[in-house]
Amino acid sequence: MFTSSMPPKLRLTTLPNGVRVVSQQIPGMQSAAIGIRIDSSTRNEDPDTGGASHFIEHLLFKGTPTRTADQITDEFNSIGARANAYTSQEEVFYYAVSLASIIPATFDILADMFVHSSLPEEEVEKERGVVLQEILMNQDNPGRFIYNQFHQGFWQGHPLGTPILGTAETIGAITRERLMEHKLANYLTNATIVSVAGNVDHDQVADQAARLLGELPTGTPRGKKAASGYHVAVGEHMHYTRPMEQTHFYMGYPLPPAGNEHRHKLAVFNQILGSGMNSRLFREVRERRSLAYTVYSMMSSYTDSAGLMIYAGTGPERAQEAVDVCHAEVLRFCDEKVTEEVLVAAKEQIRCARLMALDDCETQVRRISNTTSLLGAPEPIESSLEAIAAVSAEEVREVAQLLFKDVVPRVESVGPGEGPGLPR
């Protein structure tokens, strides 16, 4: 049960032009965070605009008709705000953390960038070099490299498999005009969510959003869909040979899309499987077998697809053993119920983590934006915790049997030699 006597107050307002404003009011906090999310990203890109969403994310900080790039940075700095952004497969999110009292001033700068960014030609050329270096950096980092390769392989043939950064070829060739066309076609009112968390006034933010985002073009972006009957690419393995000391691998299993009826059971399943030092993967792979320093599981959830992913880095001579052990731990859930002690501890870990996250406005502004987009409304913390508390050991086993029994995962690895194959 949710035990807080004063849960955060959530409100959602849809403005007349279609922009949604969602807030989580947490009285007594000095800090606050505000974000603007656009529900359009790599899955909305054409072949010649691969990486455009991420490129535009960089360029929105580079100037508007009334602010230069330096002025944007200086204004955030002068009011004590910290701004940033990120791009995922289905969204681009611009946000800033500041004192609650200066959220209006912070929002004014963010909104100017979001609506009026001019993508100056000289900044496009300078930032092109930055993005190309980012692509090379990800290629050189084995963990990032194999994550990106796994994502493209797991969702091959699906718009979600498009590389977020694009390629050296697409980034090297795309013009400022093509970038602006992409922005104008996708930064639309029905795909825009303003989220704010902290000791803030919802009505004040909604009024400001109506004024600052009133010039956004109306409509909904053209999102690309997978072909009818599409399935993620499992039961395959791919290895990339590199002269390294370790072999890094991801293995993955298909899950139902975000917002599915099993999501709370899967949260408990993932906590027990591979989240933290008490997880089965940590204990079996690291503590008992000394196979890896880092091993964990995670869920990547999107509007029409999702996957359970397991990562480990190990010696090349024991990589196959590590793959086998990780897969065996997944299947173990199908054969036996977790003990009540393990179940209670996992649910308490989730409860405490989510309650402690209420003190982090940056985390909360992302969370309410994400749940508003994927579920249609922000999910109250008390509702999610009550659903987690209600999960039984039998339900964890049932969802494991439903989703993982007889499934052969996809395995992608990088390192010396031939690499591991599929689990035996």
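The values are calculated or read from the model by the stated rules, or taken from the named source; none is laboratory data. Predicted model, so just to flag it, every value in this text is computed and none were measured. All Cβ positions, even for glycine, are placed from backbone atoms using ideal geometry, and neighbour counts span all protein chains on display. These accessible areas exclude ligands, DNA and RNA; they are computed on the full protein's heavy atoms, side chains included. Shrake-Rupley method; radii C 1.70, N 1.55, O 1.52, S 1.80 Å.
Regarding segment 155-164, can at least one residue be identified that is closer than 23 Å to L110 by Cα and of a type in the set (V, I, T)?
Yes, that holds for at least one residue.
Hey, any hits in segment 235-244 for a residue that's free of Cβ contacts under 8 Å to residues at least 60 places away in the same chain and on the phi < 0 side of the Ramachandran plot?
Within segment 235-244, none of the residues are free of Cβ contacts under 8 Å to residues at least 60 places away in the same chain and on the phi < 0 side of the Ramachandran plot.
Every residue in segment 13-47 that is in a strand (DSSP E or B) and small (G, A, S), please.
Within segment 13-47, S23, S31, A32, A33, G35 meet the criteria.
Let me spell it out: the conditions are (1) hydrophobic (A, V, I, L, M, F, W, C); (2) touching a strand residue (DSSP E or B) at 6+ places or on another chain (Cβ under 9 Å); (3) closer than 25 Å to D203 by Cβ; (4) open to solvent by 20 Å² or more (accessible area, probe 1.4 Å), and F107 meets all of them except one. Which number is the exception?
Going through (1) hydrophobic (A, V, I, L, M, F, W, C); (2) touching a strand residue (DSSP E or B) at 6+ places or on another chain (Cβ under 9 Å); (3) closer than 25 Å to D203 by Cβ; (4) open to solvent by 20 Å² or more (accessible area, probe 1.4 Å) one by one, F107 breaks only (4).
Quickly run through segment 48-66 and pick out the residues that are within 20 Å of H116 (Cβ to Cβ) and open to solvent by 30 Å² or more (accessible area, probe 1.4 Å).
Once the filter is applied, which keeps residues that are within 20 Å of H116 (Cβ to Cβ) and open to solvent by 30 Å² or more (accessible area, probe 1.4 Å), segment 48-66 yields H58, F61, K62, P65, T66.
Please note which helices (runs of 4 or more DSSP H) are completely contained in segment 51-152 and include at least 3 residues that are in contact (Cβ under 8 Å) with a residue 40 or more places away in the chain and not β-branched (V, I, T).
Correct list: 52-59, 103-116, 121-140.
Quick one: count up the residues across segment 75-92 that are over 17 Å from V131 (Cβ atoms) and either surrounded by fewer than 20 Cβ atoms within 10 Å (Cβ to Cβ) or of a type in the set (F, W, Y) (or both).
Matching residues across segment 75-92 total 7.
Of all residues in segment 141-199, how many are out of contact with any Ser or Thr (no Cβ under 9 Å at 6 or more places or on another chain) and among the aliphatic types (A, V, I, L, M)?
Number satisfying all stated conditions: 4.
Do you know which of the residues in segment 232-281 that are open to solvent by 40 Å² or more (accessible area, probe 1.4 Å) and part of a helix (DSSP H, G or I) is farthest from T339 (Cα to Cα)?
In this case the residue turns out to be R263.
Across segment 27-47, which residue is farthest from S384 (Cα to Cα) among those that are open to solvent by 20 Å² or more (accessible area, probe 1.4 Å) and within 24 Å of the chain's Cα centre (by Cα)?
Here the residue is P47.
Which condition from (1) within 26 Å of the chain's Cα centre (by Cα); (2) within 29 Å of N199 (Cα to Cα); (3) open to solvent by 70 Å² or more (accessible area, probe 1.4 Å) is the one that P7 breaks?
Every condition holds for P7 apart from (3).
Tell me, which residue of segment 282-311 that is of a type in the set (S, T, Y) and not in a loop (DSSP other than H, G, I, E, B) is surrounded by the most Cβ atoms within 10 Å (Cβ to Cβ)?
By that ranking, first place goes to S297.
Any idea which residue in segment 110-125 is farthest from the chain's Cα centre (by Cα), counting only those that are under 27 Å from I79 (Cα atoms) and open to solvent by 20 Å² or more (accessible area, probe 1.4 Å)?
Result: P120.
Which numbered condition in (1) in contact (Cβ under 8 Å) with a residue 40 or more places away in the chain; (2) within 25 Å of the chain's Cα centre (by Cα); (3) buried (at least 20 other Cβ atoms within 10 Å of the Cβ) is the only one that A206 fails?
(2)
Among the residues of segment 162-171, is any farther than 27 Å from L99 by Cα, in a helix (DSSP H, G or I), of a type outside the set (S, T, N, Q) and in contact with a Leu (Cβ under 8 Å, 6 or more places away or on another chain)?
Yes, the conditions are met somewhere in segment 162-171.
From the residues in segment 127-150 that are open to solvent by less than 60 Å² (accessible area, probe 1.4 Å) and touching a helix residue (DSSP H, G or I) at 6+ places or on another chain (Cβ under 8 Å), which one is nearest to G252 (Cα to Cα)?
Within segment 127-150, the match that is nearest to G252 (Cα to Cα) is N148.
What is the one condition in (1) part of a helix (DSSP H, G or I); (2) of a type in the set (K, R); (3) touching a residue at least 12 places away in the same chain (Cβ under 8 Å) that R222 does not satisfy?
The single condition R222 does not satisfy is (1).
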